[in-house]
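**Q** Starting off with a structure, shown below.
The values are calculated or read from the model by the stated rules, or taken from the named source; none is laboratory data. Since the model is a prediction, treat every value here as computed from it, not as a measurement. Virtual Cβ from ideal backbone geometry, glycine too; neighbours counted across all protein chains shown.
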Amino acid sequence: MSITLSNVSKFYGTQKAVNNLTFTLHKNEIVGFLGPNGAGKSTTMKMITGYLPADEGTITVCNVPVSANESASKKKIGYLPEANPLYTEMYVREYLTFVAGIHKIKEAKKRIAEIIEMVGLTSEAHKKIGELSKGYKQRVGLAATLVHDPEVLILDEPTTGLDPNQIIEIREVIKKLGQHKTVLFSSHIMQEVEALCDRVLIINKGNIVADDLLINLKKRNTGLHVVSVQFQENMLEEELFRHINCHGIKVVAKNSFVFETENPEMIKKQLLELSINKNLNIISLNSEQDNLESIFKSLTT
């Protein structure tokens, strides 16, 4: 087991930021770690890295207890935080040499050359970090994360600031790394998670609300589509239940509703008939099959 959390909780004063989390991540696994802002994702990742202590429960990284031996567990982790702190006055190679020195890397020059090529920094390696675009700074952070060849990668929003081409390049790097490492990948970009991860772990308000293979999460709603509608006039949920045949209705905003159904065309037809019969104005009417974004919304709103 590369990462194991058992009944882990974290408090900030009286607020329980993380509540009794239990999960295991295995080698050769890229796991998408999702949750709305304030859900406890960053706190959880900081506890895994040993940056923050857990108030309750135990965390092990590659069978090393984090609380008992932080130095040993940290050697096994590469951590790219969302803020990506860098020394902007240092040159790229200079900074990576500095990081390699901290980790006491043998043949550091050779290793740095490999990492620079791996993350696509070759053309910018001669520059000061402060001269780089946000996307290239993100690559420097990823390079520093990989210098000591860790067994576990904790990546918090690693594609922030990258253009579409850069995102594809970094995605391929992470995919390749996931073939022989454990990767915990946090992102708000659902398309990235779908492209990279087989398994998804979703937390909301400090609690795990889903932990499964992505294909299984989608199977839970197999065959279901989501139809969304917004009326100009005031509309009651009870009124819609009387006229629309569906699995469920959710109110997402004033006069805006989402329907779960196996037959979206029938739902749209019923909504149009209702608007004609009741003299209602429909501002928008859309449908889509359940994807990770709709699953995320249903579990966290």
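**Q** Test Glu172 against the stated conditions and say whether it is free of Cβ contacts under 8 Å to residues at least 60 places away in the same chain, surrounded by fewer than 19 Cβ atoms within 10 Å (Cβ to Cβ) and under 30 Å from Asp211 (Cβ atoms). Talk me through it step by step, then tell me what you get.
**A** Working: free of Cβ contacts under 8 Å to residues at least 60 places away in the same chain: yes; surrounded by fewer than 19 Cβ atoms within 10 Å (Cβ to Cβ): yes; under 30 Å from Asp211 (Cβ atoms): yes.
Considered against the rule, which asks whether it is free of Cβ contacts under 8 Å to residues at least 60 places away in the same chain, surrounded by fewer than 19 Cβ atoms within 10 Å (Cβ to Cβ) and under 30 Å from Asp211 (Cβ atoms), Glu172 comes out as yes.
**Q** State yes or no: is Gly120 crowded, with 18+ Cβ neighbours inside 10 Å, outside any helix (DSSP H, G or I), in contact with a Pro (Cβ under 7 Å, 6 or more places away or on another chain) and in contact (Cβ under 8 Å) with a residue 24 or more places away in the chain? It would help to see each step written out before you state the result.
**A** Values: crowded, with 18+ Cβ neighbours inside 10 Å: yes; outside any helix (DSSP H, G or I): yes; in contact with a Pro (Cβ under 7 Å, 6 or more places away or on another chain): no; in contact (Cβ under 8 Å) with a residue 24 or more places away in the chain: yes.
It is false that Gly120 is crowded, with 18+ Cβ neighbours inside 10 Å, outside any helix (DSSP H, G or I), in contact with a Pro (Cβ under 7 Å, 6 or more places away or on another chain) and in contact (Cβ under 8 Å) with a residue 24 or more places away in the chain.
**Q** Hey, another quick one. Taking Arg139, is it crowded, with 21+ Cβ neighbours inside 10 Å and farther than 24 Å from Pro36 by Cβ?
**A** yes
**Q** Then there's this: Could you tell me whether the range 117-139 includes any residue that is under 30 Å from Lys297 (Cβ atoms) and either touching a strand residue (DSSP E or B) at 6+ places or on another chain (Cβ under 9 Å) or aromatic (Phe, Trp, Tyr) (or both)?
**A** The first filter runs over the range 117-139 and keeps only residues under 30 Å from Lys297 (Cβ atoms), leaving 134-135, 138.
Then keep just the ones that are either touching a strand residue (DSSP E or B) at 6+ places or on another chain (Cβ under 9 Å) or aromatic (Phe, Trp, Tyr) (or both); that gives 138.
Yes - at least one qualifying residue is present in the range 117-139.
**Q** Which one of Thr145, Thr160, Thr182 is modelled with pLDDT under 90, closer than 29 Å to Asp212 by Cβ and assigned by TED's automatic domain parsing to the domain that holds Gly50?
**A** On the way: Thr145 fails: modelled with pLDDT under 90; Thr182 fails: modelled with pLDDT under 90.
Just one listed residue meets the conditions, Thr160.
**Q** Does any residue of the range 183-200 turn out to be part of a strand (DSSP E or B), without any contact (Cβ under 8 Å) to a residue 24 or more places away in the chain and within 29 Å of Gly40 (Cα to Cα)?
**A** no
**Q** A further question follows. Could you give me the residue pairs with C-beta distances under 9 Å whose first residue belongs to the range 3-29 and is free of Cβ contacts under 8 Å to residues at least 12 places away in the same chain, whose second residue is hydroxyl-bearing (Ser, Thr, Tyr) wherever it lies, and which are 6+ apart or on separate chains?
**A** Hits for this filter: Tyr12/Thr43.
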